Amino acid sequence: MHSFEYSAPHSLSDAVSLLAQAEGNARPLAGGTDLIDQMQTGRFRPALVIDIKKLPELNVLEFDGDGLHLGAAVPCYRIYGEPRIVQEYSALADACHIIGGVQIQSRASVGGNLCNSGPAADSTPAMIALSAICVIAGPGETRQVPVEEFCTAPGENVLRRGEILAEILFPPRPANSGSHYRRFIPRNEMDIAVVGVGAFVELEDDGQTIKTARIGLGAVAPTPLLAEDLSASLSGKPATDSTFVSAGEAARQIITPITDMRGTAEYRKQITGVLVQRVLATATARARGEPSEYKPGK
Amino acid sequence: MSNKHVISLELNGDAVEFLCEPRQTLLEVLRDILHLTGTKEGCSNGNCGACTVLFNGRPVVSCLVLAMECEDAKIRTIEGVACDGALDEIQNAFLEGAALQCGICTPGFIVQAQALLDENPNPSEDEIRFYLAGNLCRCTGYDKIVRAVQAAAEQRRAATTAG
């Protein structure tokens, strides 16, 4: 690895100042599972690495009237280890369970997953489905950006010089709602999504009609996508298999996948339809409080 | 320009201090500075798990940890698994079950299996395979490894009941 300086500031404002002063020649370090590898291969050669994972603001995991405050540096294992997240924000727990192996989950954070801004990031479609908001600290005022607007291109995002993703805010879970994230990979675990789908479903009191739905799609476009029109079109529809199948077909029309070593564009379109259908079905089952047969890694 | 820093941590129960550069990983420091070569370097990009160690009780791949991040941490390596000269149940089970061939992946598997059994003393085969998915073996296939972990778990449970 190239030579660099390391700093572990004690406050978020110190971290922001250090990052701003470095004029683009510094990188924040959280779990390091992307950054250290990117430095080993020479993709990034920052003069300064700023360790932000011990900052209290980036380690919160709290529930209040605004919902779930999740510090950007909270590692995956703490996320799926929190029973209220498993229960109320299931899609997020599902994603964290399958990012890398257990060793990676000890360190990797969803904040880092988002800031790395890969098109196939597992946690991003889950967070899109859950209507999460990025809370960004910087030299100016703290600002908020919806997760679906955070990534702008592969490896690029809305963060300006000196800005740090501090927290991700998840709104409170409505009654009669459930969520799920699932991806397709050729093996059972430890792989990068060929396609990843997150969905949130809120049912009317009858338990049969969709009130609102939100679908996030990964690895099928340059950035993770919110299927906005498709999600809106599900409101008022019956929560049945035929609705889910049609939603899957509609999802195939709005994606722009590429052909690469993980699959052809045509294959990704096919898989997207199947996953959308299955993920909606599981999110709906969870919204009804039915046990879900889904097991991570299967 | 040298930018070496002193890092203090607890390594296998002992207080340890060393000098390192920010660019050095925990894996490099363990092997090249502290000469604890039980932790193996496989892929160096976090895929293979050969360099797994416990960092404050959690399994991590030491190739993706900067040594600078380890100030005041508790690190446990394969050298810290055997207790008072006696092999741990997992080490014994790997030997008895011939759950290795070349052995490069073995320290990582044993440390990872320790983390698993500490967390879940009675894992199913599926749970074992899922928990060990971040450890790759290119010699044996995984069946003997999984069986060794099952045998170790059983032995530990028997010891707990007896004790």
Return a yes/no flag: does the stretch B:26-43 have any residue that is small (Gly, Ala, Ser) and either touching an Asp or Glu at 6+ places or on another chain (Cβ under 8 Å) or not in a strand (DSSP E or B) (or both). yes
Just to be sure before I move on: is B:Gly141 closer than 21 Å to B:Phe55 by Cβ, out of contact with any Phe, Trp or Tyr (no Cβ under 9 Å at 6 or more places or on another chain) and either part of a loop (DSSP other than H, G, I, E, B) or not aliphatic (A, V, I, L, M) (or both) in the structure I sent? no
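Just a yes or no: is a residue in the stretch A:204-221 assigned to a helix (DSSP H, G or I) and touching a helix residue (DSSP H, G or I) at 6+ places or on another chain (Cβ under 9 Å)? Can you show your working first?
Taking the stretch A:204-221 as the starting set, the residues that turn out to be assigned to a helix (DSSP H, G or I) are none.
The answer is no, given that none of the residues of the stretch A:204-221 is assigned to a helix (DSSP H, G or I) and touching a helix residue (DSSP H, G or I) at 6+ places or on another chain (Cβ under 9 Å).
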In the stretch B:8-25, how many residues are assigned to a loop (DSSP other than H, G, I, E, B) and not acidic (Asp, Glu)? 5
Exactly one of B:Arg147, B:Arg129, B:Arg156 is in contact (Cβ under 8 Å) with a residue 60 or more places away in the chain, surrounded by fewer than 21 Cβ atoms within 10 Å (Cβ to Cβ) and farther than 25 Å from B:Arg31 by Cβ, and that residue is B:Arg156
Limited to the stretch A:88-98, what total is found for residues that are within 13 Å of another protein chain (Cβ to nearest Cβ) and surrounded by 24 or more Cβ atoms within 10 Å (Cβ to Cβ)? 1
Scan A:Ile79, A:Ile85, A:Ile36 and give me the residue that is on the phi < 0 side of the Ramachandran plot, within 13 Å of chain B (Cβ to nearest Cβ) and surrounded by 18 or more Cβ atoms within 10 Å (Cβ to Cβ). A:Ile36
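In this structure, does B:Asn120 turn out to be within 12 Å of chain A (Cβ to nearest Cβ) and surrounded by fewer than 20 Cβ atoms within 10 Å (Cβ to Cβ)?
Numbers: within 12 Å of chain A (Cβ to nearest Cβ): yes; surrounded by fewer than 20 Cβ atoms within 10 Å (Cβ to Cβ): yes.
Yes: the conditions hold for B:Asn120.
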For the stretch A:149-195, give me every one of the strands (runs of 3 or more DSSP E) that falls completely inside it and has 1 or more residues that are closer than 21 Å to A:Ala221 by Cβ and modelled with pLDDT under 95. A:177-184
Return a yes/no flag: does the stretch A:53-62 have any residue that is away from every other protein chain (no Cβ under 14 Å) and crowded, with 22+ Cβ neighbours inside 10 Å. yes
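The values are calculated or read from the model by the stated rules, or taken from the named source; none is laboratory data. Predicted, not measured: the structure shown is a model, and the values here were computed from it. Note that we place each Cβ from the backbone using ideal geometry, even for glycine, and neighbour counts take in every protein chain shown.
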